[in-house]
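Everything on this sheet refers to the single structure shown next.
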Amino acid sequence: MSINAIRELAADDMQAVDQCIRDRLSSPVVLINQLGHYIIHSGGKRLRPLLATLSARACAVEGEEPVVLAAVVEFIHTATLLHDDVVDASEMRRGNETANHIFGNEAAVLVGDFLYSRAFEMMVEVGSMRVMEILAHATNVIAEGEVMQLMNCHDADVDEARYMNVIQSKTAKLFEAACQLGAILGERPRAEEESLAHYGMHLGTAFQLIDDVLDYSSDDAVTGKRMGDDLAEGKPTLPLIQAIRVGTPEQQTVVRQAIEDGGREQVEAVLDIVHATGALDYARERAAAETEAAIAAVSVLPESPHRQALIDLARFAVGRDH
């Protein structure tokens, strides 16, 4: 099933999610409306709400609750983006100016807070303590991941285990929650709930690892960000960690210095090193392994077009170029 076929399968749900987002973004505060709509409609993949609806339908859930929770997941994700861009002093995302660059850091942080609070308001309406438990815990873990990433910046001694802990908290945890919610709504056996949670965790990890690769291997016009942005921010992502692990002493020195100093002065030299050491191929292999684990986890669900969509979506995540 192609990505277009997957989106066609979920088209009605995703249209309903978009409408729910528009309705629930409404506020009497004009700046919230302006900034919220800007970031929500700035070209995101809507992957997390897509996972939420596909997982729910794969668990035979009917009705509007999956749509509401998919919008909740997107609000949480968007809030993290707003806060991320402030912390990273980012000026571009998805080929557009970031909200903080246009509206200011103060507005971006406060509207991010609004999106978090609106998300929790909506999840309460669903009336499931288990749903609230999963989303509240996920939001807390995401915040921990953000802090861990901040602590890792400019630290050339970060190893693979520490880095995997960061991305599983910061990125993959929301994928996990989005997928797990469907099983909860469908009152599926705990084994199926755990399988969907594992699927989401592995898929989210693979997705972030491919993002790491694309930061050193993709066209700026395709990704919507400049090549080497992570390096410029002093983030020790997996390609850099692997380059330090297997590179020559001279290569190790260059990469370590680039992480510690940040900036863009050594981007070209580091690009040459991550290619020469096979670090990008290593990161792709790790992402492919996570994808296979995701597919194995979701295969325990009963056969359906939605289960097949989840399987093929995992393959898309690891094969994408943006």
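The values are calculated or read from the model by the stated rules, or taken from the named source; none is laboratory data. All of these numbers come straight from a predicted model, not from anything done at the bench. Backbone-built Cβ (ideal geometry, glycine too); neighbour counts: all protein chains shown.
Numerical summary
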read-out	value
Total residues in segment 305-322, condition within 16 Å of residue 210 (Cβ to Cβ) and of a type in the set (Val, Ile, Thr)	1
Selected residue (only one of 78, 53 is surrounded by 20 or more Cβ atoms within 10 Å (Cβ to Cβ) and more than 16 Å from the chain's Cα centre (by Cα))	53
Within segment 6-17, considering residues that are in a helix (DSSP H, G or I) and touching a residue at least 12 places away in the same chain (Cβ under 8 Å), the one surrounded by the most Cβ atoms within 10 Å (Cβ to Cβ)	17
Residue list for segment 265-277, filter: touching a residue at least 24 places away in the same chain (Cβ under 8 Å) and either within 17 Å of residue 196 (Cα to Cα) or surrounded by fewer than 15 Cβ atoms within 10 Å (Cβ to Cβ) (or both)	276
Cβ-Cβ under 7 Å pairs, at least 6 apart or on other chains, segment 79-99 side part of a loop (DSSP other than H, G, I, E, B), far side crowded, with 18+ Cβ neighbours inside 10 Å and modelled with pLDDT under 85	98/90
Counted residues, segment 152-193 - those being of a type in the set (A, V, I, L, M, F, W, C), part of a helix (DSSP H, G or I) and more than 19 Å from residue 63 (Cβ to Cβ)	9
Residue 166 under 18 Å from residue 283 (Cα atoms), surrounded by 20 or more Cβ atoms within 10 Å (Cβ to Cβ) and either over 14 Å from the mean Cα position of the chain (by Cα) or among the acidic types (Asp, Glu) (or both)	no
Selected residue (only one of 64, 91, 133 is surrounded by fewer than 24 Cβ atoms within 10 Å (Cβ to Cβ) and in contact with a strand residue (DSSP E or B) (Cβ under 8 Å, 6 or more places away or on another chain))	91
Any hit, segment 30-47, residues being over 18 Å from the mean Cα position of the chain (by Cα), crowded, with 19+ Cβ neighbours inside 10 Å and of a type outside the set (Asp, Glu)	yes
Residues (in a loop (DSSP other than H, G, I, E, B), within 23 Å of residue 176 (Cβ to Cβ) and in contact (Cβ under 8 Å) with a residue 24 or more places away in the chain) located in segment 18-49	44, 46
Hey, residue 172 of a type in the set (A, V, I, L, M, F, W, C) and surrounded by fewer than 18 Cβ atoms within 10 Å (Cβ to Cβ) or not	no
Selection count, segment 243-290, where residues are more than 26 Å from residue 204 (Cα to Cα) and outside any helix (DSSP H, G or I)	7
Residues within segment 278-322 that are surrounded by fewer than 19 Cβ atoms within 10 Å (Cβ to Cβ) and either among the polar types (S, T, N, Q) or within 13 Å of residue 217 (Cβ to Cβ) (or both), tallied	8
Residue within segment 210-225 that is surrounded by 20 or more Cβ atoms within 10 Å (Cβ to Cβ), over 18 Å from the mean Cα position of the chain (by Cα) and part of a helix (DSSP H, G or I) present	no
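For (1) within 17 Å of the chain's Cα centre (by Cα); (2) over 24 Å from residue 25 (Cβ atoms), each residue gets a yes or a no:
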residue: 121; (1), (2): no, no
residue: 141; (1), (2): yes, yes
residue: 154; (1), (2): no, yes
residue: 158; (1), (2): no, yes
residue: 173; (1), (2): yes, no
residue: 178; (1), (2): yes, no
residue: 193; (1), (2): no, yes
